[in-house]
Structures are given as structure tokens and as C-alpha cells.
Amino acid sequence: MATNSIEPSSSFKQPKRRFNVDWILSVILLLALFLYGWQIWKAGSANSFYTAAIESMTQSFKNFWYASFDPAGYITVDKPPVALWFMAISAKVFGLHGWSIVLPSVLFGVGSVYLMYRLVKPYFGRLAGNLAALAMTITPIVVADSRTNNMDATLVFFLLLAFLFLEKAIDRHSTWWLVGSFALIGVAFNVKMLQAFMVLPAMYLFYWIAAKENWKKKILKTVYATVALVVFTLAWPLSVDLTSASNRPYEGGSEHNSVLELAFGYNGSERLLGQTTGTGGAFPGMGNNKSSKSGQPGGATGSKKMGTPPTGSKNAKKMGTPPSGTKGKAPEGMGAGGPGGKVGSKKGGMGGGGGAFNIGTAGPFRLFQQELGPQISWLLPFAIFGLLGGLTFYRDRKRKWYAFSHEQKQLVLWAGWLVPVYGFFHPYYTIMLAPAIAALFGIGVKALTSLYHETGLANWRFYLLPLALTSTAALQAWYVYDYYPWLTWLILGLGIVVSLALIFIRNRRATLPLISLGLLGIMIAPGWWSLTPTIAAESAQIPTAGPDLLTSNGGGGMAGGMGDQINTKLLNYVVKHQGNAKYLFATADSSTAAPYIIKTGKAVMAMGGFNGTDPAMTLKQFKKLVKTGQLKYYYDGGKSGGSTNNAIVSWIKKHATKVKSSEYQSTTATSTTNKQPSTGTTTPPTSGHQGKKPTMKPGKKPTGNGKAPASTIKKSITGQSAAQPGGGMGGPNSSGTLYDLSTIFD
């Protein structure tokens, strides 16, 4: 009997899409999440300079848009706001905690590991993709950077995302993906300015050689992409520079209140060339050092006869041992070799790097030296051999030598990332090298293994794999010797034995386990170095990794952002007497002001910005603030600044009244990471970074009229009191002087 039911034709059935899970990648991502995120609840105030800005940015949209350092919107931080936007949103949603301000960096770090896999796997296979992701995960400086509220993890994520968009643009012949790729570089510019542009040559070159389109289309699409780059790069800077200076904060770090000047000067060419600016001296060892414009004695801090860097300079704040070849002392209050480091010790603050800003000796092999190498270069020799092997293995011998295969073009892309960025030698900026090294390592394992199996003893390419393993093991053995001599011989011995066995054993079944053993051997040391920030709950202003973090005299990363303590007695005094003043008090620089902003949520004027030398305030403007009652106190921590700021300080000292020291000076410093009111006693910190680091909790904001009693001070951060005198640079227990400005115009 016929029926009216109609069976659907099989031709109309949609095929089921399979969702394939790469379980190895899943494990790698979980490892990254653990390394980057474990114990971030002990992050304290991390980099207090940016944490103060995050607190300020949560208070108003104006502060949010301009990345204002202080709640009153007086001056900004010296970086664009994009990375801080994510952190401020996180703090707004979850409250101002150590973990909430670091959380975006953790997520961007894990995201970068995933993007490494997505960029390598489609062209070189799952194994290469997983190895690239693993290499990225266990790069020590990647771990250290991803555990802070600095901008570097965010920057790397956006650069990798731009590369992924570029790959899709070429594969799909899509103009929009290409425009999106270059637009993302514009966004990345507004994370750390010209540092983002270091990969642009690689992107332009790769598009030109990889896109299968005629030259007219390439030119047209390149124009579109460049327009997108320019628009997204300049949209925020121009919106700031075209706004009247009276309606926005001063642009911190610039000499003329301009974002573009900051971008192409201090945060641009001068980062690479080592020139000085009006806001501070040059980084040591960078060359082309001009004499200081800031009025500070000693000229450029990078001179060969450098003594103690000027107090409050950006160089003094970030530098440990002077670079090799210099004479003089490390900054006062810090051991040579970084905080807690030893003079002449290779174990100074950078975990084998010798100081928080020891950047080694200038030259083409700087990144291999012990000053910077243990942060980034563990797998660099293998990556270089991998690049060479990949270019030969993936060559299409049916075509001309200059007609690159698609795989070779991918190698050109990663080499184009590596070569320009190779010049970076700021310790934690070396994270910029990590993606290129990781990609070339993952690709190199596949290429060198294939060359080894497909060639013989008479072919020079046969020896690339043994040479890559041996050279990488030798470099790592040198890095670990000062800490673990036994590990030196294990790594070196394993590398040599495996390499020799690969030469004399030609059985494929036997060589595969040998290759795996060799790769495992060169993963041990970087894996341990990358674990140290996690064990130590490191979340420092100058991110670093290494065994020094686990010792009682470690602390090479300047945890807590320096100047991370407050003088409770001083704070109670100025809060009690603030009245209707707009500012709690003024001081020379941000390292002194930041802890008080974090603790109270009130406006503290860092008159000269980050290091006290920004010409953000004129004497006339300062007098007006005092006369109208907006500013009642100035705390002089003894820091010098530019000529304008020095004139203000001189005027203060001449006309203001000193507050009796017994009213505000205290032998007890309370960390900004202390929730409970000061009891006049301190709790000794545990050794090194292994003790509990504080976490922040939001509390009741002070009333807007400034009349809140000391008891209402925001209990922003929980944790220990700090027993160390001085409170770091700009610390509360230094011999500072509090001036009462309200008496000047009485």
C-alpha cells in the first residue's frame, strides 16, 4: 500500500561536522594557564605605576580614555591606553585586586599560545604546531610578562592575531581580512607604540610574495591595508593631540604634551637608539647617549663612567648592575645585580641575567650572553638551524631557487619577524622575539628530522639536526652552570650522546626515540626557568624569570612596582587635613604617588610624571592651585626634576611652612598591600618571593569633599606589612619633608 509519507532524499542530508580536539594542544594550553595564572592572587599591586592608573581609570570615562595616572586627570602614564583599557574593565567588573589587573595579561598570554598553533599547524602539520605552542609556553620571559600588568603580553597577542588575519587574507584572496590585519597593527600601536611596527616589514613582504594575485591587485590592496593601518594607528593619538590641553591630562613622558611626540621620540626611536629625552636619561649600553636635558647631574646615565643614576630617573628605577664596561654603583637601596643581588654575581636579579637592567655587551651576540639569554634564548640556536633546514627542505627543486614554495614563504614571514626584533635588548621587551623563535623551533623540528631521515652521511644537511641539538644543549649548559653544575653536565652530555648516536645509528625506529630524548633534554632548563615566576608568585614591575626568584636574596624583578609602601602616619595626616582640596598632596614623581592613589583612590599629584622630570606644570599654574585651595601639601622626597619642576620646589621651600616631622614621619612603613589599619608594628616578610603576596580588595571610597577621616581610607589591598625601611625608591621612610602650602597666601 502506498503511503503519503515522503522520505527525505539522502542528497539533502547535511554532513555532520566533526569537531576534532587536539588533546596535546589542550594540555599545552592548560600548562600555559597554570604557568601564567597560578598564584596571581598574590600579585599585590604588580606594577604600581600602571595599577594607580587603573584605579584612576575606573573612576571616570575621561580618565579611562586618556589613561590618566591620577584620579584628578592631571597627567597620564607614558604609554597608550589600549592594554590598560582591558585591565581597567577587569578591575571595574571584579574590583581592584591583584589578580583582576593581571588577569587580562594571563588570558592574552594563553591566547598567544593558541595563536602560535593556529599559525604553524596548517602549513607544517600538527606536530610542528604543538611544538611551537609548547616553546612559546615555556619561554621564561613570556611567563614573567604574562603574570604582570605590563603591556607586553597584550601587544604580542595582537601582533599574532594580525598575522592570523594576514594568512586568511592570502588564503581567501580577501581584501577585508587584509585590511583587518593591518588595522590590528594600528591597535597594537596603541598598546606600545612603535614597538608594534617592528613586524610591518615582514607583513608587507609576505603579502607581496605569497598572495596569488596580479601586481595591480596587490598594489591596490596594499593601499587599502595601509590606509587602515594609518587610521587605526592615529585615531586615538590625534584625538588626544587635537584636544585642548586644558581639557585633558598632560601626556606623561612627552616634552611638549603630545602623544605623537611620545610615540616617535621617547617610545620610538629613542628606545632603539638609546638617545635621551627631556624626561630622563638613556638606557645603559644603548649607545648614542647624549647629555641629559633634565638638569640632573651626571648627564646621560648610560655613559661609560656612570655613577649612581639620578634619583627618580627612569634609568635608576629600572636598572640593577651597570652594564659591563661601566664603572660605578647600582642605584642606592639596590644590590648591584638587582635587588638582593651580589656585586659581580651572574646570579643577580635577572635569574642569570645579572641585574634588573643589565643588558650585556653590545654586539651581534648580545642575546646569547648570560645577561639576557636566560630570559629568551634557550631555543634560539635550534630555531636558527631550523630556519636554515626549513629553507632547504621545503625548496621546490623543479623551480628556480628564487621561486619560493609556500612553506618557504612562511619561513620568510617568521624570519622577517625575528631579524628586526633581534635588536631589542630591554630585558622584558625580549618577549617580542618569542613568537618567531617558537615558530622556527616547531617548524625546524619537522624540517631537520625530515632532512636527517632523507639524506645520508655524505650530505651536509644530514648533520643539521645533530648540530642543532648539540649547540642548543651547549648554550643551555652554560646558562645553568652558575646555579646547577650537575644539570650542566646532564644537558651537555645528553646533547652530545644523542647527536653522536644519531650520526652512527641509522635505524629509523631507533632514531625517533633518540630525537625525542634530545628534544626533551633541551626543554628541561627553559621549562624550569619558566616555572620559577609561578612558584615565586612573581608579578613585578620588571618581569624576570630564574632561580634567583626562589632565594631569600632574590627579587630581581622589583616586585610590587618599587615605592610600593606607604607611610601610614603621613597618609593619616594629609587625609585629616585635606579639607576641600582637590589633591591629597603633591610630590615629584609617580613612584612616590602611586601607592597612595592605590590605597585611597584619591588624587595625588605626581608633578613631574613617571620620574619627576616631565614639564607638566608651570610655576604660575602651581601657584594658582595653591592660592585657590586645590592643593595644600607637598611631599618632598629629595628627588630632582627638570628646570621647571625644580623652580616650583625652590619656591615651595622658600615660602611654605614645614610640617613638624613628628606629625608625619614614621619608622613604620605599611605596604599598599595592607588591608588593616597600621598598628605601628610590622610583620617580617618571608624570604624572597615565596612569601604570600598581597591581593587587593575594593573598599569604601573616600567622600568627594576630601573630609573623610583617616578611618575611611580605602582598604584596597590585603597582605603583609613591610619591614624594610625606605619603601623602595620614593619610599615613605626616606628622609622626606612635608610642606604646608596653605600658609603661603594667608
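The values are calculated or read from the model by the stated rules, or taken from the named source; none is laboratory data. In this text the structure is predicted, and so the values were computed from the model without any measurement. In this analysis, Cβ positions are derived from the backbone assuming ideal geometry, glycine residues included, and neighbour counts consider all displayed protein chains. Accessible surface areas use protein heavy atoms only, side chains included; no ligands, DNA or RNA. Shrake-Rupley method; radii C 1.70, N 1.55, O 1.52, S 1.80 Å.
Taking the Cβ of GLY442 as the centre, find all other residues whose Cβ is under 15 Å away and add up their charges (Lys, Arg: +1; Asp, Glu: -1).
Once all neighbours under 15 Å are counted, the net charge is +2.
Leaving out ligands, DNA and RNA but keeping every protein chain, what accessible area does TYR633 have, in Å² rounded to the nearest 10, with a 1.4 Å probe?
Looks like 10 Å² after rounding.
Determine the sum of side-chain charges near LEU388: Lys and Arg each +1, Asp and Glu each -1, restricted to other residues whose C-beta is under 15 angstrom from that of LEU388.
So the environment of LEU388 carries a net charge of +2.
Any idea how far apart TYR484 and SER450 come out in nm if each label point goes 7 Å out from Cα toward Cβ?
3.4 nm
For a quick check: with amide H placed at 1.01 Å from N, whose amide H comes under 5 Å from THR139's, ignoring anything fewer than 5 positions away on the same chain?
Those qualifying (amide H under 5 Å, at least 5 residues apart or on another chain) number zero.
To the nearest 10 square angstrom, what accessible area does ILE376 show with a 1.4 Å probe?
About 10 Å², rounded to the nearest 10.
Given a 1.4 angstrom probe, I'd like the percentage of the accessible area of segment 30-134 that is carbon and sulfur, rounded to a whole number.
For segment 30-134, the apolar C and S fraction of the accessible surface comes to 73 percent.
For MET605, what residues show an amide H to amide H distance below 5 Å, using hydrogens built from the backbone and excluding near sequence neighbours?
Amide H to amide H, under 5 Å and 5 or more residues apart or across chains, MET605 pairs with LEU584, PHE585, ALA586, THR587.
Rounded, prolate or oblate: pick one for segment 139-230, where a ≥ b ≥ c are the square roots of the eigenvalues of its C-alpha gyration tensor, a/c under 1.5 means rounded, and failing that, prolate if a/b is larger than b/c, else oblate.
It comes out prolate by the Cα gyration axes.
Between segment 467-485 and segment 79-124, what's the alpha-carbon centroid distance in Å?
Between the Cα centres of segment 467-485 and segment 79-124 lies a distance of 32 Å.
Please give the net charge around ASN645, taking every other residue with its beta carbon less than 12 angstrom from that of ASN645, where Lys and Arg add +1 and Asp and Glu add -1.
Residues close to ASN645 contribute a combined charge of -2.
Need one word for segment 569-645: rounded, prolate or oblate. Basis is the Cα gyration tensor (sqrt eigenvalues a ≥ b ≥ c); a/c below 1.5 gives rounded, then a/b vs b/c decides.
Taking the square roots of the gyration eigenvalues as a ≥ b ≥ c, segment 569-645 is oblate.
Please work out the FRET efficiency for the pair PHE34 and TRP651, using the Cβ-Cβ distance as r and a Förster radius of 60 Å; give the result to the nearest 0.05.
Working: r = 54 Å, r/R0 = 0.91.
Working from the Cβ atoms, E equals 0.65.
Quantify, in whole percent, the carbon and sulfur part of the accessible surface of segment 413-534 (1.4 Å probe; protein heavy atoms only).
Within segment 413-534, the accessible surface is 74 percent carbon and sulfur.
For segment 470-542, what is the relative contact order in percent, using Cα pairs closer than 8 Å and at least 6 residues apart in sequence?
That works out to 29 percent.
Which shape class applies to segment 123-173: rounded if a/c is under 1.5, otherwise prolate when a/b exceeds b/c and oblate if not, where a ≥ b ≥ c are the square roots of the Cα gyration tensor eigenvalues?
Verdict is oblate for segment 123-173.
Tell me, in nm to one decimal, what length is gained between LEU242 and ALA362 on full extension, where the rule is 0.36 nm per residue of separation less the Cα-Cα distance?
Here the segment from LEU242 to ALA362 would lengthen by 39.2 nm.
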